[in-house]
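Read through the structure below, which is laid out as C-alpha cells, and then see the notes.
The values are calculated or read from the model by the stated rules, or taken from the named source; none is laboratory data. The structure displayed is predicted, hence computed values, not measured ones. Positions of Cβ are generated from backbone atoms using ideal geometry, with glycine treated the same way; all protein chains shown enter the neighbour counts.
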Amino acid sequence: MNSMSTGFHPTIAVFKFASCDGCQLSLLDCEDELLALAGAVRIANFQEMSRATIEGPYDIAFVEGSITTSADLERLERIRATSTALITIGACATAGGIQALRNFADVQEYTAAVYPRPEFIRTLATSTPIAEHVRVDFELRGCPINRHQLLEVITAALAGRRPAVPHHSVCAECKQRGTTCVLVAGGTPCLGPVTQAGCGAICPAVGRGCYGCYGPAEAANPRALGDRLLAGGMAPADVTRWFRTFNSAAPAFSKESLRHDPQRQR
Amino acid sequence: MTHSASDSERLLEVHGLARVEGEGALRVVVRGGQVAEVALSIFEPPRFFEALLRGRRHDEAPDITARVCGICPVAYQTSACAAMEQACGVRVEGQIAALRRLLYCAEWIQSHALHIHLLHAPDFLGCQDAVGLAQFDRAAVERGLRLKRTGNLLMETVGGRAIHPVNVRLGGFHRAPGRAELEALRPHLEQAVEDAAATISWVAKFDFPDVEQDYLFVSLVGDGRYPIESGRVGTSHGWDLAVEEFEPLVIEDHVERSTALHARLEGRDPYLTGPLARYALNSERLPEEVRRAAGAAGLGAVCRNPFQSIVVRAVELLYACQEALRLIDGYQPPDPPAVEVSARAGAGTGGSEAPRGLLLHRYEIDAEGIIRAARLVPPTSQNQLSIEADLRRVVEDGLQLPDPELTWRCEQAVRNYDPCISCAAHFLEVSVERLA
C-alpha cells in the first residue's frame, strides 16, 4: 500500500501481546513523521492502524506486550520465525509489565478474584518478557516508550546500524535538564539512580521521584538505593512496592523487591 | 477475514479486528436468511488489574490503572483520583479541578482526533487506513495529525507526558504549570478550533447507513456544563444519581449464547455510554456556537444513528478545543497544586467520561491506605450489548451485500464505538472459551 519509486522499502509489522497499546500508539503519535514513514517502509501488519495485512516474511517486527498465555507463546514463535529482526517495544515486552505482579502471587487466586467463572480463563502463572522465549534483536524500554527513541530505532534499522539509545541512569538526564536532585535535596524517594534514562527525567522535573518506567539502568546498584530508601524512613513493604511496578520482572528490580518483601514470596 | 456463503448459511468472521485499541474479533452467523448469531469476541489476555491493585497503596492507583489503556490514561487517573478522594473525604475544587478538566480536554482532543481521522474515517471513504486516505485527501489526514499533536502538546504541558502522564496525583498535581506555559499553547489551540470546525463539515458529508437504534443512554450530567471529568450519572429513562449510587446498579452477567460478561442496569437493561449518550443528555449545555455547528452538520438534540457517532465526536472535539482555551483564559496556577489526601478506612467511587464513555472505579481501602478491593467498569464492557445489537441490525439490513462488503460494514459498526478493548478485560473469557 505504500510505495515510492526507488530504494529499499523494508516490510514492517507491529504485533501486540498483553499490554495497554500505549507503545504502538507512540508510533501514531509521531504526527510529523507518520506519512513520511509510511512512504519509506511497507507497513505490512499494524492492526491498530490498518485493516490491510500482508503475509510475512517481515524485515522488522515490533513486538509490544508480554507473554501470558500458551496461545500467545505459539503466536510469538511464528512471528519470530517469519521476521528478520525482532524489536521489543516497552516495559511489558522487555520486563513483563504491571501484569507481572502475578509472578509474586497465586494466579489462580487472582483469577478467582476478578472473574465469576474462573474455569473459563486460560492463562499462564507468569507474565514474562519476550526475550525469555525467543531471540530479540533490540529492546526499547519504557512505560511507555519515548517516540523520539522509537524513531531513532526505526532510522537505525533502515540504515543498518545499531540504535543510539543510552543505557545510563535517569540521574544524567536530571543533570542535563538542570533539575535539582529530589532525593538528595528534598528527601523524596526516587528510583532515578537505578533506572535507565530515556524519558527525559520528567518526574523529578515536576518534583516527584522517578518511579522506574524504563527498568534497571546498566550497572545499576538497586541494593544501595534500597538501603538509602530505608534510611530515609521508608517501610520495607513500601520499598518492595517501589521496585515492583511496571518492570517488576526485570531481575535487578525483582531481586531488590524480594529483599524487602515481608512475605518473602516466590 | 474468512467467509463462506451458501443459499442457506453464511458465516462472517473477522479475526483480529483492525483500527481498534486492543485485540478483538467478531463472528456473525446467518442461517436461512435470518441472523442466527452475532458475537463480538475479545481475546485480550487477562491482566488482573482488580486483583493486583489489592495490597497497593491508595496513592499508587492513578499511575497503576493508567496502564489499563494507553489511549485513555487520563480517564483512568481521573476516575481513580475521584474514587480515592471520596474514600478519604476530600473534595478537589477551584483551579485544581479546572486543571484536571484541562488535562482531560487534552485527552479528548488527541483521542477524538485519532479516532475520527486515522481509525474511523477510512471506513466511510473506502480506504484500508489513513495512509490510503492520505493518497487522495492528504489535507484531511494532516489536519487530523495536527489536531492530535495539539492534544498531545497540551497533555505534555499539563501532564508531563503524552501517554501515561506523570504529573497527576491524588488531590491534584505534583506541579502546576505556569500561565506562560499554557499561554504558549494558545496559537495551537486557536488553529485546533478552526481545524475541528473543518472536521465537523468534513464528516457531516459522509454517507451514513440509515440506522436508528433505541438506546438507553447513560452519561455523566450536572453542574451546568458538558460532562468530562466529573458529574452525576443521568439516564434517558430519567435517573439522576451520584456515581456511588449508580455503580452498584451496573451488573455484569453472562449471556448464554456468547458466554460474555455484559453490563446491564440492575442486571436487566442494556445501555449505551459514550459520545451519543453524552450528547443526547447534554447537548443543550454546549455553547451556542458549538450547537450551531452541530445543527449545520445535521444533528438534532439527540442522535440515535451509531454511524453518526463520528459527527458527534467531531462536535465534542470542537467543544474540547474551545473549552481548553476558556480554561486557559481563567487559569491561575493553584498553590499548592494539590490538596492532601490522608488515608482513612473507607470506600469511594469515581466516574469520568473517557472519550469512549463512562469509566467507573470503586475502591475499598484500610486506615493505612492499603487497597483491599477494587472494581473497574470500563466503557467498552458497558457498550458490548449495544455493539452486538447494532451488528445484528447491520447484518439484517445488509443481507443483500456480498460477504466482503457486509463484513467491512460490520467492522465499521464496531469501530463506531471507538472500542477500547485493552480496557475491557472483563469479557475476554468469551473467546478463551471459544478457542478451547
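What to note about this one:
- Within the option set A:Cys213, A:Cys190, A:Cys181, A:Cys143, being surrounded by 22 or more Cβ atoms within 10 Å (Cβ to Cβ), free of Cβ contacts under 8 Å to residues at least 24 places away in the same chain and not β-branched (Val, Ile, Thr) holds for one residue only, A:Cys190.
- Within the stretch A:114-135, the set of residues being within 7 Å of another protein chain (Cβ to nearest Cβ), free of Cβ contacts under 8 Å to residues at least 24 places away in the same chain and more than 25 Å from A:Phe243 (Cβ to Cβ) comprises A:Tyr115, A:Arg117, A:Phe120, A:Ile121.
- Selection within the stretch A:10-60 - closer than 24 Å to B:Pro73 by Cβ, touching a strand residue (DSSP E or B) at 6+ places or on another chain (Cβ under 8 Å), of a type in the set (A, V, I, L, M, F, W, C) and assigned to a loop (DSSP other than H, G, I, E, B): A:Phe17, A:Met49
- Residue selected from the stretch A:20-45 under the condition facing chain B (nearest Cβ under 7 Å) and of a type in the set (Gly, Ala, Ser), by the criterion farthest from A:Cys92 (Cα to Cα): A:Ala38
- Consider the stretch A:69-83 and keep the residues that are touching a strand residue (DSSP E or B) at 6+ places or on another chain (Cβ under 9 Å) and either in a helix (DSSP H, G or I) or at pLDDT 95 or above (or both). The one that is nearest to the other protein chains (Cβ to nearest Cβ) is A:Asp72.
- Looking across B:Ala204, B:Ala192, one residue alone is farther than 18 Å from B:Pro287 by Cα, assigned by TED's automatic domain parsing to the domain that holds B:Pro334 and among the aliphatic types (A, V, I, L, M). It is B:Ala204.
- The lone exception for B:Ala66 - which of (1) of a type in the set (A, V, I, L, M); (2) within 9 Å of another protein chain (Cβ to nearest Cβ); (3) closer than 30 Å to A:Pro189 by Cβ; (4) surrounded by fewer than 24 Cβ atoms within 10 Å (Cβ to Cβ) it fails: (4)
- Test for B:Gly22: is it closer than 24 Å to B:Trp108 by Cα, at pLDDT 90 or above and either surrounded by fewer than 23 Cβ atoms within 10 Å (Cβ to Cβ) or at the interface with chain A (Cβ under 7 Å from one of its Cβ atoms) (or both): no
- Just so you know, in the stretch B:37-64 the residues that are assigned to a strand (DSSP E or B) and under 24 Å from the mean Cα position of the chain (by Cα) include one that is farthest from A:Cys20 (Cα to Cα), and it is B:Val38.
- Qualifying residue in the stretch B:88-101 (condition: part of a helix (DSSP H, G or I), more than 22 Å from A:Ala18 (Cβ to Cβ), more than 8 Å from chain A (Cβ to nearest Cβ) and among the basic types (Lys, Arg)): yes
- Qualifying positions in the stretch A:146-167 - within 14 Å of chain B (Cβ to nearest Cβ) and surrounded by 20 or more Cβ atoms within 10 Å (Cβ to Cβ): A:Asn146, A:Arg147, A:Gln149, A:Leu150
- Filter result for the condition that a residue is over 17 Å from B:Leu182 (Cβ atoms) and modelled with pLDDT under 95, over B:Gln86, B:Gln135: B:Gln135
- Annotation note: of B:Ala320, B:Ala280, B:Ala343, B:Ala314, the sole residue that is crowded, with 18+ Cβ neighbours inside 10 Å, assigned to a loop (DSSP other than H, G, I, E, B) and either modelled with pLDDT of 95 or more or in contact with a Pro (Cβ under 7 Å, 6 or more places away or on another chain) (or both) is B:Ala343.
- Scanning the stretch B:358-376 for residues that are within 30 Å of B:Lys148 (Cβ to Cβ) and modelled with pLDDT under 95 turns up at least one hit.
- Listed here are the strands (runs of 3 or more DSSP E) enclosed by the stretch B:166-270 that have at least 1 residues being in contact with a His (Cβ under 8 Å, 6 or more places away or on another chain): B:250-254, B:261-265.
- Residues in the stretch A:207-232 that are within 14 Å of chain B (Cβ to nearest Cβ) and touching a strand residue (DSSP E or B) at 6+ places or on another chain (Cβ under 8 Å): A:Arg208, A:Cys210, A:Gly212, A:Cys213, A:Tyr214.
- The sole residue among B:Ile71, B:Ile116 that is in contact with a Lys or Arg (Cβ under 9 Å, 6 or more places away or on another chain) and more than 7 Å from every other protein chain (Cβ to nearest Cβ) is B:Ile116.
- So A:Thr88, is it within 12 Å of chain B (Cβ to nearest Cβ) and either crowded, with 16+ Cβ neighbours inside 10 Å or not basic (Lys, Arg) (or both): no
- Verdict on A:Thr111 being away from chain B (no Cβ under 12 Å) and either in contact with a helix residue (DSSP H, G or I) (Cβ under 7 Å, 6 or more places away or on another chain) or surrounded by fewer than 18 Cβ atoms within 10 Å (Cβ to Cβ) (or both): no
- Condition broken by A:Ala249, with the remaining ones in (1) assigned to a helix (DSSP H, G or I); (2) in contact with a helix residue (DSSP H, G or I) (Cβ under 7 Å, 6 or more places away or on another chain); (3) among the hydrophobic types (A, V, I, L, M, F, W, C); (4) touching a residue at least 40 places away in the same chain (Cβ under 8 Å) satisfied: (1)
- Taking first residues from the stretch B:370-386 that are surrounded by 22 or more Cβ atoms within 10 Å (Cβ to Cβ) and partners that are among the basic types (Lys, Arg), the Cβ contacts under 6 Å between residues at least 6 apart in sequence or on separate chains come to B:Ile371/B:Arg54; B:Ile371/B:Arg56; B:Pro379/B:Arg356.
- Residue count for the stretch B:283-307, restricted to those that are part of a helix (DSSP H, G or I) and either surrounded by 24 or more Cβ atoms within 10 Å (Cβ to Cβ) or aliphatic (A, V, I, L, M) (or both): 5
- Condition check for A:Ala71: touching a residue at least 12 places away in the same chain (Cβ under 8 Å) and either surrounded by 20 or more Cβ atoms within 10 Å (Cβ to Cβ) or closer than 15 Å to A:Lys16 by Cβ (or both): yes
- Selection of the stretch A:46-68 for residues being surrounded by fewer than 22 Cβ atoms within 10 Å (Cβ to Cβ), more than 9 Å from chain B (Cβ to nearest Cβ) and farther than 13 Å from A:Ile154 by Cβ yields A:Ile54, A:Glu55, A:Gly56, A:Pro57.
- The set of residues from the stretch A:98-108 being closer than 19 Å to B:Glu60 by Cα and either assigned to a loop (DSSP other than H, G, I, E, B) or at the interface with chain B (Cβ under 7 Å from one of its Cβ atoms) (or both) comprises A:Ile98, A:Gln99, A:Leu101, A:Arg102, A:Ala105.
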